[in-house]
Amino acid sequence: MTLKLGLIGHPISHSLSPWIHAKFIDLAGLNGEYKLYEGNPNQLPDVLTQLKQNKIDGFNVTIPYKQVVLDYLDELDSDAEILGAVNTVVNQHGKWKGYSTDGEGYVRSIIESFPSLLNKDTSVLILGAGGAARGIYRALVQKRLKRVDIANRTLDKAKELLPLGKDFTPSEVLTFHTAEKNLSQYDLIVQTTSVGMKPKVQEQIIQLDNIRKDTVVSDIVYQPIMTKILQDAKVHGARIHHGHAMLLYQGQLAFEKWTGKKLDVSHLVDELEDKLRGE
Ligand code: ATR
């Protein structure tokens, strides 16, 4: 049997997911394919009809369809429902069920690199309050940490995230200025905005002068691998965590949903980094 997997989105020609899932299919000892199904918003209904007719086993969903795809699903996982976004669809006996693996994938990638970082004494600062921040915030608060604060340019947008965490972990919304001043109280700082992404590689969302050396600075941007804020974190003697690890572990979780197999993918973090560096 050939496992049929793929990705919908626009544009997706540079996606790393086919590379990642080809590795996973090999590791799992399966026969399979992971194809790109590119389509603009007008073409989306036809693309989805094609996937249904082909009896695809599962697919990932990326920008700009993470919300709109909900209209085409038969069932939603509870976290995906709360987040209002889906990045993974599983074909369960002809019914499509939607999941969101970004946040949990992020948390897995942190635990893999820093196994004891997340506990009841851990304070986290999230920079940004967009779609990526929502999933990461939701997954982090569920670990019942000491606090998970959110700093964002638009404070109202950050406040919209708070209901996602209220039953689990205390949170406050901050300006970037206040976050910079109070930086020494955080054990993990997670950069989720597009600031620092190619081509604007000289941009940095906050200054790190008040950071502690044992703090981990994590950037979900992976192009470039070494963003300005990660370079600066190193200069200040802090620890760093790269964005491509999240990409790999959200894929690990998606593959687990499709196949029931939880693969050890830790050795692929460096391989993916080499690929991103063009080696
Ligand atoms: P994504 O789904 O990738 O998270 P998004 O939903 O567009 O993207 O969210 C982008 C995030 O980056 C937001 O937090 C945005 O801040 P605002 O809510 O104030 O718009 C933040 N962002 C993007 N460009 C920024 C910039 N130049 N300075 C500060 N924040 C920026």
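Remarks
- Segment 12-64 and segment 196-251 have Cα centres separated by 29 Å.
- The Rg/Rh ratio of segment 239-279, with Rg taken over Cα atoms and Rh as the Kirkwood radius over Cα pairs, comes to 1.03.
- Kirkwood Rh in Å, taken over segment 116-241 so that all alpha-carbon pairs contribute: 14.3 Å
- Cα convex hull volume per residue for segment 170-261 (Å³): 126 Å³
- Fraction of antiparallel bridges per DSSP, the chain only, in percent to nearest 5: 20 percent
- Cα-projected label distance for N182 with N42, points at 7 Å along beta-carbon direction, nm: 4.9 nm
- Computed from Cα atoms, the angle from the helix 131-141 axis to the main principal axis of the chain rounds to 70 degrees.
- In segment 116-241, lysine pairs with alpha-carbon atoms under 12 angstrom apart (chain gap of 8 or more, or interchain): 5
- Across the chain, counting alpha-carbon atoms alone, Rg and Dmax equal 18.7, 57 Å.
- Subtracting the Cα-Cα distance of T154 and K35 from 0.36 nm times their residue separation leaves 39.1 nm of extension gain.
- Bridge type composition, segment 37-141 - antiparallel percent by DSSP, nearest 5: 80 percent
- Extending 7 Å from the Cα toward the beta-carbon at both N210 and Q53 defines two label points whose distance is 6.0 nm.
- As a rough guide to protection, the peptides 225-234, 125-134 ranked by mean Cβ packing within 10 Å, highest first, stand as 125-134, 225-234.
- What the Cβ-Cβ distance of K166 and D71 gives, at R0 = 22 Å and to the nearest 0.05, is a FRET efficiency of 0.20.
- Based on alpha-carbon atoms, the Kirkwood radius and the radius of gyration of segment 18-79 give Rg/Rh equal to 0.99.
- The charge dipole of the chain, taken about the Cα centre with unit charges on the Cβ atoms of Lys, Arg (+1) and Asp, Glu (-1), comes to about 260 debye, rounded to the nearest 20.
No lab work stands behind these numbers, since they all come straight from the coordinates. Quick caveat, the model's predicted, so the values are computed rather than measured. When we count neighbours, we look across all protein chains shown, and the Cβ atoms used for this are built from the backbone with ideal geometry, even at glycine.
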